[in-house]
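Before any comments, here is the structure.
The values are calculated or read from the model by the stated rules, or taken from the named source; none is laboratory data. Because the structure is predicted, anything quoted here is derived from the model rather than measured. Here Cβ is always computed from backbone atoms with ideal geometry, including for glycine, and neighbour counts include all displayed protein chains.
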Amino acid sequence: MAPLPGAELVRTPLQLYRYLLRCCRQLPTKGVQEHYKHAVRQSFWVHSDEDNPERIQQIIQRAIEDADWIMNKEKKKLTRITASTAISFGRALTTT
């Protein structure tokens with residue numbers, strides 16, 4: 001499962017860059033968003049001299065897979081936090 005619709009349309013490094021920044025906007029907190037935006041920018045800087053089309057496609061595929069993993073990880077983390085908050089809130093209601 002791709003983190004956002006349109007992952008299958010990503011063909012160029014510029015499309016990948018824009019796609020990953022859109023994924024970052026879907027992350028739960030500003031701090032997490034900024035962390036991954038920085039990581040995206042750094043990764044593009046590191047790979048900016050890559051000119052092998054096959055290697056570029058490998059990088060694109062791996063970046064989309066990594067984005068999927070990160071989005072799922074953050075979603076699970078948010079779900080756990082929300083569930084524990086609801087449980088704590090429920091306990092507070094029953095003890096008062």
Open item on the list: Looking at (1) over 12 Å from Tyr17 (Cβ atoms); (2) out of contact with any Leu (no Cβ under 9 Å at 6 or more places or on another chain), which one does His35 not meet, given that it meets all the others?
Closed with: (2)
- [ ] Just give me the residues in segment 22-34 being surrounded by 12 or more Cβ atoms within 10 Å (Cβ to Cβ), part of a helix (DSSP H, G or I) and modelled with pLDDT under 95, in sequence order.
- [x] Arg22, Cys23, Cys24, Val32, Gln33
Open item on the list: Would you confirm whether or not segment 37-56 contains a residue that is modelled with pLDDT of 95 or more and in contact with a Cys (Cβ under 6 Å, 6 or more places away or on another chain)?
Closed with: yes
TODO: Note down all Cβ pairs under 6 Å where the first residue falls in segment 45-68 and is at positive phi, the second is β-branched (Val, Ile, Thr), and they're at least six residues apart or on different chains.
DONE: none
Open item on the list: For the structure I just gave you, tell me whether Asp49 is of a type in the set (D, E, K, R), farther than 25 Å from Thr79 by Cα and out of contact with any Gly (no Cβ under 8 Å at 6 or more places or on another chain).
Closed with: yes
- [ ] Go through segment 1-39 residue by residue and tally those that are under 25 Å from Thr79 (Cα atoms), among the β-branched types (Val, Ile, Thr) and touching a residue at least 12 places away in the same chain (Cβ under 8 Å).
- [x] 1
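Listed residues Tyr36, Tyr19; which is in contact with a Gly (Cβ under 7 Å, 6 or more places away or on another chain) and not small (Gly, Ala, Ser)? Break it down into steps so the answer makes sense when it comes.
On the way: Tyr36 fails: in contact with a Gly (Cβ under 7 Å, 6 or more places away or on another chain).
Result: Tyr19 is the single residue among Tyr36, Tyr19 that is in contact with a Gly (Cβ under 7 Å, 6 or more places away or on another chain) and not small (Gly, Ala, Ser).
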